[in-house]
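Data block below; observations after.
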Amino acid sequence: MTLAHFLDGLRCAVCGALNVLRLDLLRGLVECRECGQAALIFPEIGEEVR
């Protein structure tokens, strides 16, 4: 099991579902729980992660 944060108030760009996006910081992904679409995230170098 990985640490995941749910992204409230955002829609999936593929299926349009609301409040189904999940941020997985350990794998560097944002995933849609509805359609399964995933996108890699790239933090900016020098930016502080909170």
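The values are calculated or read from the model by the stated rules, or taken from the named source; none is laboratory data. Only a predicted model underlies this, so the values are computations on that prediction, with no experimental measurement involved. Here the Cβ is made from the backbone with ideal geometry for all residues, glycine too, and neighbour counts use every protein chain on show. Surface areas here come from the heavy atoms of the whole protein model, side chains and all, with no ligands, DNA or RNA. Shrake-Rupley method; radii C 1.70, N 1.55, O 1.52, S 1.80 Å.
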*Restricting region 8-29 to residues that are farther than 17 Å from PHE42 by Cα and either in contact with a strand residue (DSSP E or B) (Cβ under 7 Å, 6 or more places away or on another chain) or in contact (Cβ under 8 Å) with a residue 40 or more places away in the chain (or both), the residue that is most open to solvent (accessible area, probe 1.4 Å)*: ARG11
*So which residues in region 5-50 are among the small types (Gly, Ala, Ser) and part of a loop (DSSP other than H, G, I, E, B)?*
GLY9, ALA13, GLY16, ALA17, GLY28, GLY36, GLY46
*Looking only at residues in region 30-48 that are closer than 15 Å to LEU7 by Cα and in contact with a Cys (Cβ under 6 Å, 6 or more places away or on another chain), which one is surrounded by the fewest Cβ atoms within 10 Å (Cβ to Cβ)?*
GLU34
